[in-house]
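See structure below.
The values are calculated or read from the model by the stated rules, or taken from the named source; none is laboratory data. Just so it is clear, the model here is predicted, and its values are computed rather than measured. Don't worry about glycine lacking a Cβ; one is built from the backbone with ideal geometry, like all the others, and counts go over all protein chains shown. Note: accessible area is taken over every heavy atom of the protein model, side chains too, but ligands, DNA and RNA are not part of it. Shrake-Rupley method; radii C 1.70, N 1.55, O 1.52, S 1.80 Å.
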Protein chains: 4
Amino acid sequence: MKKTIDLLTLKAEARKKLNGYCRVCPVCDGRACAGEVPGMGGTGTGASFMENVKALSAIKVNLSAVHDIISPDTTTSFFGQQLETPIMAAPMVNYPINTGSGLTERDAAEAIVTGSHLAGSLAWIGDPVDTAMYSSWLEAMHKVGRGVAIIKPRLNHDGILEAFAKATQNGAVAVGLDVDGAGLITMKLKGHPVGPKTSEQLRELSQSTNLPFIVKGIMTVQDAVKCAEAGVDAIVVSNHGGRVLDHTCGTADALPAIAKELKGRVTIFVDGGIRSGVDALKMLALGADGVLVGRPLIVGAYGANAEGVRFLINKYTEELYAAMILMGCANLHHIDSRILFEKL
Amino acid sequence: MKKTIDLLTLKAEARKKLNGYCRVCPVCDGRACAGEVPGMGGTGTGASFMENVKALSAIKVNLSAVHDIISPDTTTSFFGQQLETPIMAAPMVNYPINTGSGLTERDAAEAIVTGSHLAGSLAWIGDPVDTAMYSSWLEAMHKVGRGVAIIKPRLNHDGILEAFAKATQNGAVAVGLDVDGAGLITMKLKGHPVGPKTSEQLRELSQSTNLPFIVKGIMTVQDAVKCAEAGVDAIVVSNHGGRVLDHTCGTADALPAIAKELKGRVTIFVDGGIRSGVDALKMLALGADGVLVGRPLIVGAYGANAEGVRFLINKYTEELYAAMILMGCANLHHIDSRILFEKL
Amino acid sequence: MKKTIDLLTLKAEARKKLNGYCRVCPVCDGRACAGEVPGMGGTGTGASFMENVKALSAIKVNLSAVHDIISPDTTTSFFGQQLETPIMAAPMVNYPINTGSGLTERDAAEAIVTGSHLAGSLAWIGDPVDTAMYSSWLEAMHKVGRGVAIIKPRLNHDGILEAFAKATQNGAVAVGLDVDGAGLITMKLKGHPVGPKTSEQLRELSQSTNLPFIVKGIMTVQDAVKCAEAGVDAIVVSNHGGRVLDHTCGTADALPAIAKELKGRVTIFVDGGIRSGVDALKMLALGADGVLVGRPLIVGAYGANAEGVRFLINKYTEELYAAMILMGCANLHHIDSRILFEKL
Amino acid sequence: MKKTIDLLTLKAEARKKLNGYCRVCPVCDGRACAGEVPGMGGTGTGASFMENVKALSAIKVNLSAVHDIISPDTTTSFFGQQLETPIMAAPMVNYPINTGSGLTERDAAEAIVTGSHLAGSLAWIGDPVDTAMYSSWLEAMHKVGRGVAIIKPRLNHDGILEAFAKATQNGAVAVGLDVDGAGLITMKLKGHPVGPKTSEQLRELSQSTNLPFIVKGIMTVQDAVKCAEAGVDAIVVSNHGGRVLDHTCGTADALPAIAKELKGRVTIFVDGGIRSGVDALKMLALGADGVLVGRPLIVGAYGANAEGVRFLINKYTEELYAAMILMGCANLHHIDSRILFEKL
């Protein structure tokens, strides 16, 4: 794993180019940017973003070094794709309004998608609604040949199907909706009203595509079960990075009950507050099959484009690798709640 | 919902006009103004004010977007009045001594009462004891044609009845007492000694008016039951914004037990630390029928007079609306404890 | 209760005269002065001092104003003395080394003892070991005609008996030992080695005086029971203001179990972190019969001598009075755990 | 116990010579140096380092002074060595890269080993891999005639045996491995790959030496039991000062379950966050037989060389002595969980 950059330089460069839109804090925890939507923050008090970080941070792991696991295996496969790591890029769009003019949407798309690919991972792309911006993401995905496309939960299903079709043509290996976008009532003003989806609507949308179908933005067992019953292939436990509703619990708090109910029936992803390989490992131990990282990869993109994104995903994967040694996990399937500390 | 102002400008203007009496903090949580009574703070260490915010903040909500609730209904009715929102203005008086010379009592009354009315809500007015000041509030209420008047728990019941009569003549749709004012021992020096009220006294006062009768300042099940048994129509779970007694629990901590006992028998309002539509929604989920917002509306009034107050109540109501979508609540009666997160 | 001074002026003057030995913080909580022994702080990390404040602060009270208690009674009596308040001055000595040259030991003794007396309370005096300093306290006590003398747990019992005798001659109404001084191993160097006391030794000392006998520095049920069995009249739940052992629990955490076991068998006092009348009320609700206030009265003494001490004890007593109204407590015997908030 | 230096001067001198590598904070808690590896910090967010301090700090002790323990005994013996104190120096190496150029590895070794010896304690030395550096430690140990050598868990057992042999020749009274070094994947690049050890490997290594054999870096009951079954003589409950894995629990949280299972079968040591004699006492109460102190002794070494280290170990031992008086513990075997506070 060749490194052409170092973390301090990366962060310094990103801090400069982000120009205050993101402060590139020592730990990205949602405090400095609280309420900055648009921007990088969580909505309102920023509590939902901060809670993601707090919930993960409250979980402690068991160090163990009396065993024979010397070279753990961090590889996995999702949607038929062989990956070097279970750590992927979360869908994030609308860079100009959220992160300033340091990168165009096209530059950002290229950095995130290519960087993820170079790290042996998979980028998830989002739905900026604006057609030109969406094209930037589709082209970046087309270039590397794979990706996952998550579309906003528009009331107009034709719009969704069209976005799915374009994604499919450009190499998507799975498509889905981020239903937690349902509360973005300002999208109505832009001509693209959104809203929640019923089980029946999810089943219809799922059946409208040959690709695996994902529902992102699941925070309750009830919603997760509805997804499974609707034939959804994968869910993402997510509160949209805390950007759509103030005062939700952290995703690490929502995940265990959902995994307990559905592990093995649907693929379970999670995002929210993951800042290291150990954080990823905690989420896997809580029941996730894979994880998505969001804001830190924006820092990677602003700091060193695709190389910056690759650098960070590699870094997290190395941390995951070292952590698997220190917990005696030979591969990702060996990671379960036994590696989490429980007080006497 | 037309907006002629934005939040940042509103807060900047208010900060200027409040001139240090209130710092207009990012989150109004009682830390900066701890102990500032008179002023905007909580009494003593400010713990009771801060606890209101902390108790609410500790409650986490369940995000849910797999359902069919696209256009929730935020309307309600109290005291025979149809309202666009369950979020009303709390009674606050004595502006010159508490918030400086930026607004006269008359200006403040006009801003709070008219602004609430413009937002389709209802203003609660308080009892400044001073006759001229009380007239300012009565006139503002008279102009919009409705309001709720809360009078101090004077030992002299004739004074209370006189204040009720004036309120009735000026459009009050309900009257009541804030019994938590009982500890204001300095009021004796001003010739208006106050004190607690027995069930019998509450029954008498309640029967002395044809309007619905409210008791504000209830923090225990025992007191709430006494109110119900005395024939009180509505109670307000409140610690007076933390201004009368240091170290009480937050109202969000006191509310559930009271609602469990009395929901449906009396109308239950609550104030204390409500800073957004999601906070209002939490209080409804904990058992309240409606909520009162205090200090933030002072910022609204100082920032842009009646338009500022309208702007904020509208903002909270929009947040409530969006949050109801993200929890699948079709109307206010669908909001209950199932929307609150409980850890596995 | 005439006031000739105000709190802000008192604190400003004290801050000046204390010259950094005490910062006169907004809330006296042991953070700024952590580790300053000699000085005003707690020993080591200051955790025991801070824990006193935290433990009290974590306890929340029930506001109640539906009742008929309009003029509560704050008076009590200890050791045959009628007092206006259950709030007394804790024994504190060695001012020059701990609080600087702003006040001599004689000035401090005069301020604390006379100020307490003027407030209708009782001062407890300590044992500075130095004979001249002890005389300052005895003279101040002699002048007002009453007080309580707490002597260090010297290995040499003759020294203790001599100190008791002097106190008795100068008006002491009770005497005792602060056994938590047992760990002050540096006192050996000064020729006055100290140490723990057995039940038998406490019984002997108790029987050596006709005055009520007090053991101060009790933090466990076991020690409290030993005191009761040794015929001790009163105990003080105390960790010596956090000055003798780092990392003890707060006294508010230790008190309930001790009161549960011994309430009514011995008189129970408590000190540690009491900063207001509500704090005093909490301690009474947890099982104390009376409370001692320490450091804040030093601020009173430095701020305005005896008048400053009187002002603060009066202030706390007024707060206690107002709080008793807002909890429906007619007198001190009506204060019990029912006024403390317990979460549903 | 003669003191030629004082704490403030020691810390000021150390702060100067450490030149920012360590800020010599009021309490050494891992916040200021979070992530500084190399350096003095914990890895990643620094959470594992900070958790060591927090976990210890959350434990509260019972003050008790009604008993007859006047002169407690702090002596103990490990590995056949009579010691004045159960507080020893933790193995720490690679000073130039971690603490700057203020001390050479040789100076540091001399300070730590000699200082520990002068305090009647025992120094544990580590494994800097570099041969010259290791020699510095061996020479320092040789000079005082005793010590404990902890070697990195190299995959190459011959390297380990060679290091054991050198230690044995230079006066080691016990040898062992810090298995928690297993995750240092960068050591492979230096030609000394490391990894976890199986029970069988530990048994082999244990049998390869006539000295008592220690495994350091045990954080789970499972690993501890494997060590016991492999014939290991002693374990050290340790997370390597939080330097190898982010987000572990604190060692004070891991210790009780391990001690409950193994107390008496193997000797149990612990390190992590011990900053005073009271901290040491807490660890003994949680089940440890002895404790190791790390970073603070570096401050001692930089502040006043061997005298600084001696000063600090003496200071901790005096604090332990005073604390044993205030808890009624005649000797180290009398320290158990009864001295820890449990809330009613």
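Accessible area lost on pairing C with D, both sides, 1.4 Å probe, Å² to nearest 100?
Chains C and D together bury approximately 2400 Å².
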Just tell me how shielded B:208-219 is by partners: mean number of partner chain Cβ atoms within 10 Å of each residue's Cβ, no decimals.
2
Work out the length of the dipole vector of the protein assembly as shown about its Cα centre, built from +1 on the beta-carbon of each Lys and Arg and -1 on the beta-carbon of each Asp and Glu, and round it to the nearest 20 debye.
1760
Could you give the distance between the Cα centres of segment C:155-234 and segment D:42-87, to the whole Å?
29
Quick shape summary for the protein assembly as shown, equivalent ellipsoid via Cα gyration tensor, semi-axes whole Å in descending order, reads 51, 51, 24
Ordering B:260, B:166, C:190, D:60 by the accessible surface of their heavy atoms, 1.4 Å probe, largest first, yields B:260, C:190, B:166, D:60
Enter the accessible area per residue of the protein assembly as shown (Å², integer; probe 1.4 Å; all protein chains in place).
36
Apply the a/c threshold of 1.5 to the C-alpha gyration tensor of segment B:98-186 and tell me whether it is rounded, prolate or oblate.
oblate
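Over the whole of D:50-62, what's the average partner chain Cβ count within 10 Å per residue? Rounded to a whole number, please.
Across D:50-62, the average partner-chain Cβ count within 10 Å equals 3.
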Cα gyration tensor shape for segment B:149-273, rounded if a/c is under 1.5, else prolate or oblate:
oblate
Run the dipole for chain C about the Cα centre, Lys and Arg Cβ at +1, Asp and Glu Cβ at -1, nothing else charged, and hand back the magnitude in debye, nearest 20.
540
Probe radius 1.4 Å, ligands and nucleic acids ignored: give me the carbon and sulfur share of the accessible area of segment A:218-267 as a rounded percent.
43
Per-selection Rg to Rh, segment C:286-344 - Cα, Kirkwood hydrodynamic radius
1.09
From the phi angles alone, apply the Karplus equation (6.51, -1.76, 1.60; θ = phi - 60°) to segment A:233-246 and give each ³J(HN,Hα) in whole Hz, x where the residue is Gly or Pro.
7, 8, 10, 10, 6, 7, 10, 6, x, x, 9, 10, 8, 7
Output field shielding_mean for A:285-295 (other chain Cβ, 10 Å radius) holds 0
What is the sum of charges around residue C:187, taking Lys and Arg as +1, Asp and Glu as -1, for the other residues whose C-beta is under 11 Å from the C-beta of residue C:187?
+3
For segment A:230-344, what class follows from the C-alpha gyration tensor (a ≥ b ≥ c being the square roots of its eigenvalues): rounded when a/c is under 1.5, otherwise prolate if a/b is larger than b/c, else oblate?
oblate
Can you give me the C-alpha center-to-center distance between segment D:103-123 and segment A:272-309, rounded to a whole angstrom?
43
In debye to the nearest 20, how big a dipole does segment C:49-187 give about its Cα centre with +1 on each Lys and Arg Cβ and -1 on each Asp and Glu Cβ?
80
In Å, the Kirkwood hydrodynamic radius of chain D over pairs of distinct alpha carbons?
19.8
Specify which residue in the list B:52, B:77, B:32 is farthest towards the positive end of the charge dipole of segment B:1-86, using unit charges on the beta carbon of Lys, Arg (+1) and Asp, Glu (-1), about the Cα centre.
B:32
So the carbon and sulfur contribution to the accessible area of segment D:115-164, 1.4 Å probe, in percent, is 52
Going 7 Å from Cα along the Cα-Cβ axis for the label, what nanometre distances separate residue B:200 from the same residue across the other copies?
6.3, 6.3, 8.9
Given pairs B:263/D:343; C:282/D:60; A:282/D:190; C:260/C:343; A:197/B:60 and cut-off 32 Å on Cα-Cα distance, the over-length ones are B:263/D:343
Expected output is a single nm value to one decimal: the length gained when fully extending between residue B:73 and residue B:5, i.e. 0.36 nm times separation in residues minus the C-alpha distance. What is it?
22.0 nm
List the distances, in nm and shortest first, from the label point of residue C:71 to the matching label points in every other copy, placing each point 7 Å from Cα along the Cα-to-Cβ direction.
6.4, 6.4, 9.0
Of A:221, A:309, which has the most accessible area with a 1.4 Å probe, and how do the rest follow in descending order?
A:221, A:309
Estimated distance in nm for a label pair at residue C:260 and residue A:263, the labels positioned 7 Å out from Cα along Cα-to-Cβ
3.8
Cut-off 19 Å, label 7 Å out along Cα→Cβ of residue B:131, residues of segment B:138-176 by amide N
B:138-140, B:151-152, B:154-170
With the charge dipole of chain C built from beta-carbon charges (+1 for Lys and Arg, -1 for Asp and Glu) about the Cα centre, the Cα from C:267, C:4, C:168 projecting farthest to the positive end belongs to C:4
